[in-house]
Amino acid sequence: MSALIDVRNLDFSFGSGELTQPVLKSVTISINKGEVVLMTGPSGSGKTTFLTIIGGLRQASNGSVKVLDQQLINSTEQVKVKVRQQTGYIFQQHNLLKPLTALQNVSMTLEMHNHMTEGERLAQAADMLKAVGLGDRLNYKPEQLSGGQRQRVSIARALVGKPRIVLADEPTASLDKQSGQDAVGILKQLAKELGTTILLVTHDYRILDIADRVVELEDGKIQNA
Ligand SMILES: Nc1ncnc2c1ncn2[C@@H]1O[C@H](COP(=O)(O)OP(=O)(O)OP(=O)(O)O)[C@@H](O)[C@H]1O
Ligand SMILES: [Mg+2]
């Protein structure tokens, strides 16, 4: 089986000249369809940087980064957009839009699927919110929801477009043990149903048991790929 994410000898630095700060050093990792991979590592080791490169949100120019059979190194905007359209993101700070309801936050993601009518988008968003247990909170705004409920809206938002890849950056950082496990459990279960591949960055050792594999990014390298 060919890998869905295949990274070889990826180098990445911020800045240039004397201010060059190497962050990723010859990172190599291969992730298969449907795999749930957790990435840990010290603060500042480059985990978020790595996720943004994989997700087509940041350009890298050294090495090979194949995602969904697209080469992202020195890629065109068009190639990055193709990857973004098939990727769901969960950010550490949930990034929900405050003036919008849960339903509007989730259905907004579907606007890039322009073959859908607004009615279809809202129906699909409502279904996804029901799947994460928020069927009775569709019209609540983020500040009227608990931290765990907001996290579940983020999960619904990341999955509603049926992406092939979910990239999650410390999705349980602000949750207690039970809510964290619940949120990640929902993510894993829905992803299994859809065959989604998950790459999840976490410092949270309480959720390691949901992983198929745990890798560590340290000193810019993956230690146990
Ligand atoms: N836009 C930027 N410009 C310059 N340096 C940056 C930028 N973003 C991150 N860095 C630096 O790159 C390094 C890696 O940052 P990154 O955010 O990837 O770390 P991280 O592993 O996600 O850390 P944490 O666990 O704290 O979230 C850090 O030293 C940081 O200072
Ligand atoms: Mg980070």
Need one word for region 174-225: rounded, prolate or oblate. Basis is the Cα gyration tensor (sqrt eigenvalues a ≥ b ≥ c); a/c below 1.5 gives rounded, then a/b vs b/c decides. oblate
Using a Förster distance of 45 Å, how high is the FRET efficiency between His115 and Ser26, based on the Cβ-Cβ distance and rounded to 0.05? 0.65
Starting with the highest mean, order 69-80, 211-222, 164-175 by the number of other Cβ atoms within 10 Å, averaged over the residues of each peptide. 164-175, 211-222, 69-80
Would you list, by chain and number, the lysines whose Cα falls below 20 Å from the Cα of Lys82, excluding same-chain residues fewer than 8 positions away? Lys33, Lys66, Lys162
CD proxy at 222 nm, helix term only [per DSSP H run n ≥ 4: -39500 (n - 2.57); per residue of the chain; nearest 500]: -9500 deg cm²/dmol
Paramagnetic reach from Lys221 in region 1-28 [backbone N under 12 Å; point 7 Å along Cα→Cβ]: 25-28
Apply the a/c threshold of 1.5 to the C-alpha gyration tensor of region 1-142 and tell me whether it is rounded, prolate or oblate. prolate
Taking the Cα centre of region 41-131 as the origin, how large is its charge dipole in debye, to the nearest 20, when only Lys and Arg (+1) and Asp and Glu (-1) carry charge on their Cβ atoms? 320 debye
Region 133-151 residues near the modelled Ala123 label - backbone nitrogen below 18 Å, point 7 Å along Cα→Cβ: none
With label points built 7 Å along Cα→Cβ from the Cα atoms of Asn95 and Arg206, find their separation and express it in nm. 2.5 nm
Only bridges with both residues in region 65-218 count here: give the DSSP antiparallel percent, nearest 5. 20 percent
Tell me, in nm to one decimal, what length is gained between Asp11 and Thr76 on full extension, where the rule is 0.36 nm per residue of separation less the Cα-Cα distance? 21.5 nm
Just to confirm the number: angle between the C-alpha axis of helix 147-159 and the first principal axis of the chain, 0 to 90 degrees, nearest 10? 70 degrees
Based on Cβ point charges of +1 for Lys and Arg and -1 for Asp and Glu, what charge dipole magnitude is obtained for the chain about its Cα centre, in debye rounded to the nearest 20? 280 debye
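How much area per residue is accessible in the chain when the probe is 1.4 Å and only protein heavy atoms are counted (Å²)?
On a per-residue basis, the chain sits at 48 Å².
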For region 82-225, whose charge dipole is built from +1 on Lys and Arg Cβ atoms and -1 on Asp and Glu Cβ atoms, the candidate among Tyr205, Ala173, Gly148 with its Cα farthest towards the positive end is Gly148
Label Arg213 and Asp176 with points 7 Å out from Cα along Cα→Cβ: what is the distance between them in nm? 3.5 nm
At what distance in nm do the modelled label points of Asp69 and Leu19 sit from each other, each positioned 7 Å from its Cα along Cα→Cβ? 4.2 nm
Can you list the lysines whose alpha carbon sits under 23 Å from that of Lys177, skipping same-chain ones fewer than 8 residues off? Lys47, Lys130, Lys188, Lys192
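The values are calculated or read from the model by the stated rules, or taken from the named source; none is laboratory data. Bear in mind the structure is a predicted one, so any value in this text is a computation, not a measurement. When we count neighbours, we look across all protein chains shown, and the Cβ atoms used for this are built from the backbone with ideal geometry, even at glycine. Just the protein is used for accessible areas: all its heavy atoms, side chains included, with ligands, DNA and RNA removed. Shrake-Rupley method; radii C 1.70, N 1.55, O 1.52, S 1.80 Å.
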